[in-house]
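Some notes on the structure that comes next.
The values are calculated or read from the model by the stated rules, or taken from the named source; none is laboratory data. Computed from a predicted model, the values in this text were never measured in an experiment. We place every Cβ from the backbone using ideal geometry, glycine too, and count neighbours over all the protein chains shown.
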Amino acid sequence: MLDFKISKLSDCFGIEISDIDLTNEFNNEDINILKRLFFDNHVIVFRDQKISEQQQLAFTKHFGELEVYPEADKTRDSQKTYHVANVNLDGKHLTDKDEQVIFQKVNQNWHTDSSYRFIPSYASLLYAIEVLPDDAGGGETEFVNMFEVYDSLDNELKIKLEPLHMVHYYEFGRRMFPNLPPVSDFEKENIPPVSHPLIRLHPDRHNSRSLFFTANAGNEIGGMSQEKGSILHKKLVAIVSNSNFKYKHRWKKGDLLMWDNRCLLHRAVSYDMNKYRRVLRRTTLAGTSAIKGPFLDPSII
Ligand code: OGA
Ligand code: MN
């Protein structure tokens, strides 16, 4: 039986768990307890972990299937871990002109992981290996609860968004930074553009609704002109940025933070990349079904 300490991370969502060692063996009952806590709280931070890449993969697998990155050569060791770092695998601090570092900047826009896939990711687990010193500005990861954001929209906007879809495509992130290489043929074939409803239903939560869009994988709204769509998209970004339903995580070495991509957006907070080293390691859980919008079953509109 698991025995650990839980405390709240913010008034809105998120919990911290301490006194647990993620390299332990977990039985089904333990994992069900963690799954339930995750479902209810959207973010769990496990403090003071010491885990290898293999141990992180093993822990992640308790919660579902891992995503394999379709992108070419993101990591040297594994296609299932993603090194979120301004340091290369040999430990060399890279400048902010380096491609690997510029890729991190794409994540400074609100997003969920793999929104550019037909089935976007379920959850991500990020482990802190090297973090910024306490007195350094930035470097946090910020999350926002999209159930709450949806509930806070005025009715007129809710009705307007109801039938709309956003077009998500992997290449958009590359286009934000002209120095990034164009997508390869392999990437083009594996991750073509997809559309997802802007209002997302959650079948496992009585079809409750959250707002679903990203700012690092597109700004087009299906059926609207590019100009009108991007104005609406900008408005949604501003609503999220100004909302009160956020939690900003200041990393401590040894944190393993797990977040729910289905109902949160997140973004990296910028920091002085040339001055500070920051090394995190991500594993990602695949989603299990395409995103459902309100029109799918007319009886639930
Ligand atoms: C990610 C991500 C945020 C950060 O790895 O998916 O968005 O703070 N990272 O680095
Ligand atoms: Mn991300």
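Things to note:
- Hits in the range 166-185 (condition: in a strand (DSSP E or B) and surrounded by fewer than 21 Cβ atoms within 10 Å (Cβ to Cβ)): Val167
- Screening Met146 against (1) within 14 Å of ligand 1 (Cβ to nearest atom); (2) crowded, with 18+ Cβ neighbours inside 10 Å; (3) under 24 Å from Asp255 (Cβ atoms) leaves a single unmet condition, (1).
- Single match in Asp40, Asp3, Asp21 (criterion: over 27 Å from Glu130 (Cβ atoms) and over 21 Å from the mean Cα position of the chain (by Cα)): Asp3
- Subset tally (residues that are within 20 Å of His42 (Cα to Cα), crowded, with 19+ Cβ neighbours inside 10 Å and within 9 Å of ligand 1 (Cβ to nearest atom)) for the range 264-279: 3
- Single residue of Ile239, Ile291, Ile231 found to be surrounded by fewer than 19 Cβ atoms within 10 Å (Cβ to Cβ), touching a residue at least 60 places away in the same chain (Cβ under 8 Å) and under 18 Å from His165 (Cα atoms): Ile239
Rundown of residues vs (1) within 11 Å of ligand 1 (Cβ to nearest atom); (2) at pLDDT 95 or above; (3) within 20 Å of Leu265 (Cα to Cα); (4) part of a loop (DSSP other than H, G, I, E, B), yes/no style:
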residue	(1), (2), (3), (4)
Gln79	no, no, no, yes
Leu89	no, no, no, yes
Lys97	no, no, no, yes
Val101	no, no, no, no
Ser121	yes, yes, yes, yes
Leu125	yes, yes, yes, no
Ala128	yes, yes, yes, no
Gly137	no, yes, no, yes
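- Consider the range 256-271 and keep the residues that are assigned to a loop (DSSP other than H, G, I, E, B) and in contact with an Asp or Glu (Cβ under 7 Å, 6 or more places away or on another chain). The one that is nearest to Phe147 (Cα to Cα) is Asn261.
- Against the test of being away from ligand 2 (no atom under 16 Å from the Cβ) and in contact with a helix residue (DSSP H, G or I) (Cβ under 7 Å, 6 or more places away or on another chain), the options Ile231, Ile199 yield a single qualifying residue, Ile199.
- Residue list for the range 25-34, restricted to those being in a helix (DSSP H, G or I) and either surrounded by 14 or more Cβ atoms within 10 Å (Cβ to Cβ) or aliphatic (A, V, I, L, M) (or both): Asp30, Ile31, Ile33, Leu34
- Test: Lys253 is in a helix (DSSP H, G or I) and more than 14 Å from ligand 1 (Cβ to nearest atom): no
- Qualifying positions in the range 6-26 - closer than 25 Å to Cys263 by Cα and not acidic (Asp, Glu): Ile6, Ser7, Lys8, Leu9, Ser10, Cys12, Phe13, Gly14, Ile15, Ile17, Ser18, Leu22
- Exactly one residue out of Asn219, Asn261, Asn244 is in contact with a Gly (Cβ under 9 Å, 6 or more places away or on another chain), away from ligand 1 (no atom under 12 Å from the Cβ) and at negative phi: that is Asn219.
- Among the residues of the range 105-117, the ones that are part of a helix (DSSP H, G or I) and more than 10 Å from ligand 2 (Cβ to nearest atom) come to 1 in all.
- Filter pass, Val84 being assigned to a strand (DSSP E or B), in contact (Cβ under 8 Å) with a residue 40 or more places away in the chain, of a type outside the set (Gly, Ala, Ser) and more than 30 Å from Asn219 (Cα to Cα): no
- Against the numbered list (1) farther than 30 Å from Glu189 by Cβ; (2) surrounded by fewer than 20 Cβ atoms within 10 Å (Cβ to Cβ); (3) within 16 Å of ligand 2 (Cβ to nearest atom), Lys160 comes up short only at (3).
- Residue in the range 186-215 that is modelled with the lowest pLDDT, counting only those that are in a loop (DSSP other than H, G, I, E, B) and surrounded by 17 or more Cβ atoms within 10 Å (Cβ to Cβ): Ile191
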